[in-house]
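This report concerns only the one structure given below.
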Amino acid sequence: MSTEPIRVLLVEDDQNLGFVIQDALKRKGYQVTLCRDGKEGLRQFNAANHDLCVLDVMLPQKDGLSLAEDIRLVDQAIPIVFLTARSQVDDRIAGFKAGGDDYLTKPFSHEELILRIEAILRRTQGRDAGPERERYELGEFTFDHRNLVLSHPTEERKLTRKEADVLRLLCLHREQVLPRELVLNMVWGDDSYFLGRSLDVFISRLRKYLKPDANVQIVNVHGVGFKLVVDR
């Protein structure tokens, strides 16, 4: 049985509340990454594996509902708990439509939050909670995201962190369109025009690395993004 701590991504812009929740979770043995805005939350979600997300709804840069929708594009299984000061039924419905598993209205007790988290984890950890997002088979290639290595029978290449993160997102969206904005926000934390040009450079590099296997291609989808296609 794994003894690794449960990893929680906490995105809360209220500094005091964020620290209090982080401390309460840490006391229960959780490993917590605390972020102050939605864009940073998305970047941190992409930077490391997490077991559960706790998201405030009203966030700067990117609101919690939009953040959850982006997370769901990458991981359909990870549990998401929303925190909000709003208690309207329409707000709760919006939260569940965005991919939330639970919805807690402020003010709330930390004991209640922890009990809800424990209940969700009991329901979800017994099933296949999605890919570990570490190793991928791409035609003749093996991609080890953790160690930043792309292997082919003829060569082994060490990738940079950003190259590996972009390729991982393509792998998670294999045979699907991966939106440019999602890649930029997850890997760079911003989707500005100049960073978009950097992304094009990274895509060109990855195409070059994958060239030894003609059955593996990164296809441009004009005006939308990219698609990783692997012909069997």
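If you check Arg27 against the conditions, is it surrounded by fewer than 20 Cβ atoms within 10 Å (Cβ to Cβ) and touching a residue at least 60 places away in the same chain (Cβ under 8 Å)?
Numbers: surrounded by fewer than 20 Cβ atoms within 10 Å (Cβ to Cβ): yes; touching a residue at least 60 places away in the same chain (Cβ under 8 Å): no.
Here the answer is no, as Arg27 does not meet what is asked.
Across the stretch 204-232, what is the number of residues that are aliphatic (A, V, I, L, M) and surrounded by fewer than 17 Cβ atoms within 10 Å (Cβ to Cβ)?
Keep residues of the stretch 204-232 that are aliphatic (A, V, I, L, M), which gives 206, 210, 214, 216, 218-219, 221, 224, 228-230.
Those left that are additionally surrounded by fewer than 17 Cβ atoms within 10 Å (Cβ to Cβ): 214, 219, 221, 224, 229.
Within the stretch 204-232, residues that are aliphatic (A, V, I, L, M) and surrounded by fewer than 17 Cβ atoms within 10 Å (Cβ to Cβ) number 5.
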(message) Condition check: assigned by TED's automatic domain parsing to the domain that holds Gly139 and either under 16 Å from the mean Cα position of the chain (by Cα) or in a strand (DSSP E or B) (or both). Does Leu167 satisfy that?
(response) yes
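Each row is one residue, and each column tells you yes or no for (1) of a type in the set (A, V, I, L, M, F, W, C); (2) farther than 15 Å from Phe143 by Cβ.
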position: Leu159; (1), (2): yes, no
position: Leu172; (1), (2): yes, no
position: Glu181; (1), (2): no, yes
position: Leu184; (1), (2): yes, yes
position: Asp191; (1), (2): no, yes
position: Ser204; (1), (2): no, yes
position: Lys227; (1), (2): no, yes
(message) Considering only the stretch 70-82, I want to know if a residue exists there that is surrounded by fewer than 20 Cβ atoms within 10 Å (Cβ to Cβ), aromatic (Phe, Trp, Tyr) and touching a strand residue (DSSP E or B) at 6+ places or on another chain (Cβ under 9 Å).
(response) no
(message) I want to confirm something. Restricting to the stretch 43-69 and keeping residues that are assigned to a helix (DSSP H, G or I) and touching a strand residue (DSSP E or B) at 6+ places or on another chain (Cβ under 9 Å), which single residue is surrounded by the fewest Cβ atoms within 10 Å (Cβ to Cβ)?
(response) Ala47
(message) Checking Gly95 against (1) part of a loop (DSSP other than H, G, I, E, B); (2) within 22 Å of the chain's Cα centre (by Cα), only one condition comes out false. Which one?
(response) (1)
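Does the stretch 82-95 contain at least one residue that is modelled with pLDDT of 90 or more and at negative phi? Full working, then the answer.
Initially, the stretch 82-95 is screened for residues modelled with pLDDT of 90 or more, giving 82-83.
Imposing the further condition that a residue be at negative phi reduces the set to 82-83.
Among the residues of the stretch 82-95, at least one is modelled with pLDDT of 90 or more and at negative phi, which makes the answer yes.
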(message) Suppose we filter the stretch 182-203 for residues that are in contact (Cβ under 8 Å) with a residue 12 or more places away in the chain and in a helix (DSSP H, G or I); how many remain?
(response) 11
(request) Would you mind telling me which numbered condition in (1) assigned to a strand (DSSP E or B); (2) within 28 Å of Gln61 (Cβ to Cβ) Arg157 fails? (result) (2)
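Looking at the stretch 26-33, can you tell me whether even one residue there is among the aliphatic types (A, V, I, L, M), assigned to a strand (DSSP E or B) and outside the structural domain of Val187 (by TED's automatic domain parsing)?
Narrowing the stretch 26-33 to residues among the aliphatic types (A, V, I, L, M): 32.
Still in the running and assigned to a strand (DSSP E or B): 32.
Add one more test, that the residue is outside the structural domain of Val187 (by TED's automatic domain parsing), and what stays is 32.
The answer is yes, given that some residue of the stretch 26-33 is among the aliphatic types (A, V, I, L, M), assigned to a strand (DSSP E or B) and outside the structural domain of Val187 (by TED's automatic domain parsing).
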(request) Please list, ordered by first then second residue, the pairs with beta carbon atoms under 6 Å, 6 or more apart or interchain, first in the stretch 144-170 and among the small types (Gly, Ala, Ser), second not in a strand (DSSP E or B). (result) Ala164/His145; Ala164/Leu148
(request) Evaluate the following for His145: is it crowded, with 19+ Cβ neighbours inside 10 Å, under 14 Å from Leu73 (Cβ atoms) and not assigned by TED's automatic domain parsing to the domain that holds Ser66? (result) no
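The values are calculated or read from the model by the stated rules, or taken from the named source; none is laboratory data. Note that the coordinates shown come from a computational prediction; the quantities given were computed from them, not determined experimentally. Cβ coordinates were reconstructed from backbone atoms using ideal geometry, including for glycine residues, and neighbour counts include every protein chain displayed.
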